[in-house]
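A.B. asks: Questions regarding the structure given below will be posed in turn.
The values are calculated or read from the model by the stated rules, or taken from the named source; none is laboratory data. Small disclaimer: the values here were computed from a predicted structure and weren't measured. Ideal geometry is used to build each Cβ from the backbone, glycine not excepted, and the neighbour counts take in all protein chains shown.
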Amino acid sequence: MSSPAPPKAAVAPTERSNATTAPRNDAPARGVVPIVSMAIGALVIAGALVLLLVEREPEIDIPDFSVAFACPPGVESRSGRMQVTANELNVRAAPSASADRFPDRTLRKHTSVTEECRAEGWSRVRLVDGRWGWVATQYLASASLAN
């Protein structure tokens, strides 16, 4: 068995100098360096991304939709402002009274549209909001004549 440890001797306090000892301030604060480093790193990454996005040519070709919206073959192409003369005019998906009707595109009297095509009593019109459809030509008048 081991014997108990001898009691520790009391240490006499040492004299202190009159000069106060302040902590050294030449070392940066512990939390500031990582935050600054992360901020600088984020700025470098953001700058690199901006350069990649701004200076690169697009890698895909943007399709030309004007062909898709061209008048069908055999249909007279037109371009002019027209006004609706009927109290209510149905806008349809195709140039036919049996074609689906767009219920959210019913036109009121004096509504302005742009006539794009005309075929056998039907006009394809573009609405002010950019949507399009077919209406019966007999219910349209030239905007200059309708006033």
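A.B. asks: For region 86-110, give me each residue that is modelled with pLDDT of 90 or more, under 15 Å from residue 123 (Cβ atoms) and not in a loop (DSSP other than H, G, I, E, B).
C.D. replies: 89, 92, 107
A.B. asks: So, of the residues in region 122-143 that are over 33 Å from the mean Cα position of the chain (by Cα) and without any contact (Cβ under 8 Å) to a residue 24 or more places away in the chain, which turns out to be surrounded by the most Cβ atoms within 10 Å (Cβ to Cβ)?
C.D. replies: Looking at residues that are over 33 Å from the mean Cα position of the chain (by Cα) and without any contact (Cβ under 8 Å) to a residue 24 or more places away in the chain, I get 137.
A.B. asks: Have a look at 144, 66, 77 and point out the one that is in a strand (DSSP E or B), out of contact with any His (no Cβ under 7 Å at 6 or more places or on another chain) and modelled with pLDDT under 90.
C.D. replies: 77
A.B. asks: Go over the candidates 124, 105, 101 one by one and state the one that is of a type outside the set (Phe, Trp, Tyr) and touching a Pro at 6+ places or on another chain (Cβ under 9 Å).
C.D. replies: 124
A.B. asks: Can you name the number of the only condition in (1) at pLDDT below 90; (2) surrounded by 13 or more Cβ atoms within 10 Å (Cβ to Cβ) that residue 83 fails?
C.D. replies: Of (1) at pLDDT below 90; (2) surrounded by 13 or more Cβ atoms within 10 Å (Cβ to Cβ), only one is false for residue 83: (1).
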